[in-house]
Amino acid sequence: MALIVHKYGGTSMGSTERIRNVAKRVAKWVRAGHQMVVVPSAMSGETNRLLGLAKELAPSQASAAYGRELDMLAATGEQASSALLALALQAEGVEAVSYAGWQVQVLTDSSYTKARIEHIDDKRVRADLDAGKVVVITGFQGVDDAGNITTLGRGGSDTSAVAVAAALKAAECLIYTDVDGVYTTDPRVEPDARRLKTVSFEEMLEMASLGSKVLQIRSVEFAGKYKVPLRVLSSFTPWDIDIQEEASSGTLITFEEDENMEQAVVSGIAFNRDEAKISVLGVPDKPGIAYQILGAVADANIEVDVIIQNLSKNGMTDFSFTVHRNDYNKTIDLLNGKVLPELGASTVEGDAKICKVSIVGIGMRSHVGVASKMFRVLSEEGINIQMISTSEIKTSVVIDEKYMELAVRALHKAFDLDQNAA
Ligand code: ADP
Ligand code: ASP
Ligand code: MG
């Protein structure tokens, strides 16, 4: 008997029929003798619907008062799906109880819409488990120390599940979703993408941070920090498949480098359409300009990703960086309003129609020429690279958004990711 955490995403919870299916699957695990905690997402489309209503009534604002109400609102999606799942479990003859984040409690900081989990109290959950109940805990939400409901950022139910698994020292955290594992790239963009049986924690961390939304990045960080055994698998298999078969399906996130790893130089390709590029042109090239520009951006709580500063010509230089698309207008206004006059720069230009495409693989540590191969493949497709950023196990390029699918497919093929692993 083991304590297992299951997480079901929005599509997996998308209708009463699907919720019934989840309940039958969980009941199967209970009957196999496991203690079960289940973390559901809101039914698919619900979070978007709720946030859409908010937008209709009030334009988005950076204020804490606005963020607080968004979280009050968005958290209802998971509250509803959790209660529905507990009811469906009861209908299957399984004792079940659902809790919202504030009831558990899942304590977070107060950064509304992107709160971080600080602590999870396990007392109530443990008492229910010991009494033989399945405990359903809302994904995506928590409560701050002043009692305000918070949410963890889009896709945050993954993080709730892994954090709950860490707090309860669960034997495993299974992330059930609408694909049957982690693929070499998003199978919706490249139909030849291949499922990975295992992926290293470090690669998963990079892929998640570079845009593969199959796992929210913070969930991977949690799994790494607390060594939570983590598997991504499909909720679309028949609920009554053999439990051993189910438990070994999908993709396992591994913490040891050489344990059965598929040793490809490049393991996966990630892409991100959520960024925008900003260029400050004609900046007098002197010490402190990066600080003047990026310091002001950071002070406004805007995260910067890829950065380049061009060679200076006649004492002038250009400085470009990317931010999340949601922060695009805010950043342009900030630069035009305050920073540009102080810098004596000539203009600010922006381009929201860009994307970032990245190749990821721990094999890149020990192989040279991987990045240059990436650049060659893109040049052969006539794709212009606007920015480059590298780390030990990834290379990212910023390109025109319209070439994203072409770039992903060309790179997928060039790095043999469509071939079966040995
Ligand atoms: P859930 O609602 O279950 O949390 P998400 O939509 O958040 O599901 O994540 C699953 C989706 O992630 C898949 O449908 C797929 O399109 C996308 N995805 C992106 N990159 C990958 C990848 N490398 N492997 C698998 N799926 C990926
Ligand atoms: N319901 C939330 C979202 O749509 C959290 C999640 O699904 O993980 O982002
Ligand atoms: Mg998700």
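What follows is calculated from the coordinates using simple rules that are stated; it is not laboratory data. As the structure is a computational prediction, the values presented were derived from the model and not from experiment. We place every Cβ from the backbone using ideal geometry, glycine too, and count neighbours over all the protein chains shown.
Label sites at Ala371 and Ala65, each approximated as a point 7 angstrom past Cα along Cα to Cβ, lie 4.8 nm apart. Dividing the summed -39500 (n - 2.57) terms of all DSSP H runs of n ≥ 4 by the residue count of the chain sets its mean residue ellipticity at 222 nm at -10500 deg cm²/dmol. Per the Kirkwood formula applied to alpha carbons, the range 354-394 shows a radius of gyration over Rh ratio, Rg over Rh, of 0.96. Put a dot 7 Å past the Cα of Val189, heading toward its Cβ, do the same for Met316, and the two dots end up 3.6 nm apart.
Got the relative contact order for the range 2-101 handy, in percent, Cα pairs under 8 Å and 6 or more residues apart? Walk me through the numbers before you get to the answer.
Working: 118 pairs, mean separation 32.9, N = 100.
Reported as a whole number, the value is 33 percent.
Pairs with C-alpha atoms separated by more than 31 Å, drawn from the list Lys7/Lys225; Lys197/Lys394; Lys169/Lys356; Lys227/Lys330; Lys55/Lys225, are Lys169/Lys356; Lys227/Lys330; Lys55/Lys225.
Histogrammed with a bin width of 5 Å, the alpha carbon distances of the range 280-359 distribute as 3, 14, 28, 26, 17, 8, 3, 0 percent, first bin at zero.
Ordering Gly33, Gly45, Leu87 by Cα displacement along the dipole of the range 27-91 toward the positive end leaves Gly33 in first place; charges were set at the Cβ atoms of Lys, Arg (+1) and Asp, Glu (-1).
What are the semi-axes of the equivalent ellipsoid of the range 89-166, taken as the square roots of 5 times the eigenvalues of the Cα gyration tensor, listed largest first and rounded to whole Å? Working shown, then result.
Values: eigenvalues 111, 32, 20 Å².
So the three semi-axes of the range 89-166 are 24, 13, 10 Å.
Rounded to the nearest 0.05, what FRET efficiency is calculated for Glu392 and Asp299 with R0 set to 30 Å and r the Cβ-Cβ distance?
Calculated value: 0.50.
The smallest convex shape that holds all Cα atoms of the chain, its convex hull, gives 152 Å³ per residue.
Ranking Glu381, Glu92 by Cβ neighbours within 10 Å, fewest first, what do you get?
On the way: Glu381 15, Glu92 18.
Listing Glu381, Glu92 from fewest to most nearby Cβ atoms yields Glu381, Glu92.
Our analysis of the range 176-258 gives Rg over Rh at 0.96, with the two radii drawn from alpha carbon positions and Rh computed by the Kirkwood formula. Each Lys and Arg contributes +1 and each Asp and Glu -1, all at the Cβ; summed about the Cα centre of the range 1-62, the dipole is approximately 340 debye.
Working from label points 7 Å from Cα in the Cα-to-Cβ sense, the Asn329 to Glu256 distance is 5.3 nm.
Can you tell me the length gained on complete extension of the stretch Lys353 to Asn48, counting 0.36 nm per residue apart and subtracting the Cα distance?
Values: separation 305, 0.36 × 305 = 109.80 nm, distance 2.22 nm.
Separation in residues times 0.36 nm, less the Cα-Cα distance, equals 107.6 nm.
Taking max minus min of the alpha-carbon positions on each principal axis, the range 181-320 gives extents of 69, 34, 29 Å, largest first.
Between Leu57 and Tyr291, what FRET efficiency follows from the Cβ-Cβ distance if R0 is 56 Å, with the result rounded to 0.05? Walk me through the numbers before you get to the answer.
Details: r = 39 Å, r/R0 = 0.70.
So, using R0 = 56 Å, E works out to roughly 0.90.
Normalised by the number of residues in the chain, the mean separation of alpha-carbon contacts (under 8 Å, six or more apart) gives a relative contact order of 14 percent.
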